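Enquirer: Here it is, the structure, as structure tokens.
The values are calculated or read from the model by the stated rules, or taken from the named source; none is laboratory data. Just so it is clear, the model here is predicted, and its values are computed rather than measured. Cβ atoms come from the backbone with ideal geometry, glycine included; neighbour counts cover every protein chain shown.
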Amino acid sequence: MGNDFVVPAIVAVTLVTVGIGFYGLRLARTTSDFLVASRAISPTWNAAAIGGEYLSAASFLGIAGLVLKYGVDVLWYPVGFAAGYLALLLFVAAPLRRSGAFTLPDFCELRLGSRRLRILATAFVIFIGWLYLVPQLQGAGLTLATVAGSPYPLGALLVATVVTANVALGGMRAITFVQAFQYWLKLTALAVPVIFLALQWQADGRPAVTPPDGPTFRAATTVVVEHRATLTLPDGEIREVRPGDELTFAAGDPVPDVSGVATEAGDWLLPSAAGNDDRGLFATYSLILATFLGTMGLPHVLVRFYTNPDGAAARRTTLVVLALVGAFYLLPTLYGVLGRIYTPQLLVSGQTDAVVVLLPGAVLGDGTVGRLLAALVSAGAFAAFLSTSSGLLTSVAGVISTDVLGRGSVRGFRLATVIAGAVPAVLALHVSGLDVSQVVGLAFAVAASSFCPLLVLGIWWRGLTDLGAAAGVLVGGGAAIGAVLVTVLGPPLTGWPATLTTQPAAWTVPLAFTVMVAVSIATRRRAPADVAATMLRLHTPETLRM
Amino acid sequence: MAKQLPDVGSGGTVPPARRSRIVLAEITRQDTRAERTRAELAQQTQVGEALVRGLVRAQLALALRLSLVVAIGLGGLPWLFAIAPSLGRTTIAGVNLPWLLLGVASFPFLIGVGWAYVRLAERNEQDFIDLVQRPEH
């Protein structure tokens, strides 16, 4: 706080985003340029754009915060976020591009020829898109409040307005350039500071990440609590804290045990499944399933494949994305680990998501270098909010303009963008209490339980019918939505019911596949007559086209 | 309604004056045979249908095999850590093994599997193209 470089850095990122948007607008001359970038984008640009769009607030801020709080178990988040692209590559990328579908509803209609299934898919795309947009806007509000002390609604509204205007005026072409730029910005914003942080850690005599007596405060610290928690102080006193409470610690004081946080070195350092904890193992596998299979069902990921010239290019683009995203995910873990040493107060205040933006200042002090690096990280965080929101908004607006408004024109797309941007902006203003990573996890679980089976079975199995697909999406996706609504809005649960609702994918994904296959077999006669022609189109190389 | 989208492969306009090409009769006959196989694909004859089914099966088998590699290589880790807790306490250069496996090694592993898939899937497609365009003897 009090860093006079942060606001200019955020303003610069926003201006460059808008600037590249207008540069793209100058290039977008026809409706085709505007909507699908004329498919003239090279695989490298396209891959950087997909990577830029994919690395959201959850990746940039959330993973480091989770590592700080829970330790080795949450490393499955970055692994799963990257592995999702492998699943996409293996089962979906090339056939989806060859299908010619621009959106998921397009794919439903192309493959199964059903208007009603198309409407159902449209509803799910809009639902998942909005679900994923709200935490991005929230993240923007919270980050701006943390680093610049602004009121929460300012950051959320700023991002919502910039993104809506940019998408409405520039379309996909502009977005491709913006997203590609933002991938490299996000990578730089984490990679450069981490070098300085590691050097400072060396200079400090390499303090242990997990000292035998638990984490301690390195300097005298006053903590303002943000989230309700139960603390166990070193002398055994148990204390309930509420938001707004202030606690003061002297240098060298041990960090108190915080309820729900892995404070013990062993819990944090070692996999939780060590022992007889079946629920921990179930939750881990559920998380793996949701992230591995959820990526292919996210609407803003699929829309990108259409900008590849052919199926082989779609495959190669996906491989480059996997490499770019994998390189990025090496970094957030380091922030979480160093945060354990330098910012233990976040464990007490509950604001673990802020570790990435606060760490440079905490390690390097208030000198020019520390402030510059803090500004760079904040700029990267804003790039994350802007790029993911742009991608989501483009896909939600695309679906609304073609399926709800029923027009494919540029004007219709602009109107749809305004509608698609306004709803999550209003929601973000009213639900500031929702947990960012929880909502992102929900979006992955819903996508893995609805669109993943639809795409995989639709591409590889001739027997899929429209009724089977609809039943699978409704039952599987519905169960996932229900599970997380219970988690977010329902009463606090413990034991197995809590595990089954907070990490539902391990039962909702198999459920969706089973229902889809069973109902399809029962309604075998409804299988589309042109399935052979569709399979030919999806799987044969373009060079054979006549 | 399915949108009719322009096919990129056939981009460009037909030049007004077509050049005629003089070729050997043998090659001309081969071309015709390849054309016939292509037509069989397009017209959904039994031969064409069998060819496409073969390709789809080969690509699916490849994808499933590589998924199995990932399922064992990565999916086996939580189970392994659960049954052999000492593995979690093993350190290499001061870092615990689970941190190295998940935080670092998993990404090159995923990229390697993806690279292998792209190569093998393109080879399957090339085999299919060769099969379709091969002259019948």
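Enquirer: With the checklist (1) away from chain B (no Cβ under 14 Å); (2) surrounded by fewer than 24 Cβ atoms within 10 Å (Cβ to Cβ); (3) under 26 Å from the mean Cα position of the chain (by Cα) in hand, flag the one item A:Ala527 doesn't pass.
Expert: (3)
Enquirer: Answer yes or no as to whether A:Gly361 is more than 11 Å from every other protein chain (Cβ to nearest Cβ), over 18 Å from A:Tyr183 (Cα atoms) and modelled with pLDDT under 90.
Expert: Details: more than 11 Å from every other protein chain (Cβ to nearest Cβ): yes; over 18 Å from A:Tyr183 (Cα atoms): yes; modelled with pLDDT under 90: yes.
Answer is yes for this residue.
Enquirer: Looking at (1) modelled with pLDDT under 80; (2) over 23 Å from A:Thr317 (Cα atoms); (3) surrounded by 20 or more Cβ atoms within 10 Å (Cβ to Cβ), which one does A:Thr30 not meet, given that it meets all the others?
Expert: The failed condition is (3).
Enquirer: Right, next: Regarding region A:514-523, can at least one residue be identified that is in contact with a Lys or Arg (Cβ under 9 Å, 6 or more places away or on another chain), within 23 Å of A:Leu110 (Cβ to Cβ) and away from chain B (no Cβ under 14 Å)?
Expert: Here is the first cut: in region A:514-523, the ones in contact with a Lys or Arg (Cβ under 9 Å, 6 or more places away or on another chain) are A:520.
The next check asks that each one be within 23 Å of A:Leu110 (Cβ to Cβ); those that pass are A:520.
Now drop any that are not away from chain B (no Cβ under 14 Å), which leaves A:520.
Yes: one or more hits.
Enquirer: Scan the helices (runs of 4 or more DSSP H) fully inside region B:17-133 and keep the ones with 2 or more residues being buried (at least 18 other Cβ atoms within 10 Å of the Cβ) and at pLDDT 85 or above.
Expert: B:46-73, B:76-83, B:97-100, B:106-133
Enquirer: Output the residue which, of all residues in region A:318-327 that are more than 7 Å from chain B (Cβ to nearest Cβ) and touching a Phe, Trp or Tyr at 6+ places or on another chain (Cβ under 8 Å), is surrounded by the fewest Cβ atoms within 10 Å (Cβ to Cβ).
Expert: A:Ala327
Per-residue answers, yes or no, for (1) over 18 Å from the mean Cα position of the chain (by Cα); (2) more than 14 Å from chain B (Cβ to nearest Cβ); (3) at positive phi; (4) modelled with pLDDT of 85 or more:
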| residue | (1), (2), (3), (4) |
| --- | --- |
| A:Asp403 | yes, no, no, no |
| A:Arg407 | yes, no, no, no |
| A:Ser432 | no, yes, no, no |
| A:Phe444 | no, yes, no, yes |
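Enquirer: Of all the residues that make up region A:270-290, how many are modelled with pLDDT of 80 or more and within 8 Å of another protein chain (Cβ to nearest Cβ)?
Expert: Residues of region A:270-290 modelled with pLDDT of 80 or more: A:281-290.
Now narrow it down to the ones that are within 8 Å of another protein chain (Cβ to nearest Cβ): A:281, A:284-285, A:288.
The number of residues fulfilling the criteria is 4.
Enquirer: Something else: Against the conditions (1) crowded, with 24+ Cβ neighbours inside 10 Å; (2) touching a residue at least 40 places away in the same chain (Cβ under 8 Å), where does A:Leu90 fall short? Just the number, please.
Expert: Of the numbered conditions (1) crowded, with 24+ Cβ neighbours inside 10 Å; (2) touching a residue at least 40 places away in the same chain (Cβ under 8 Å), the odd one out for A:Leu90 is (2).
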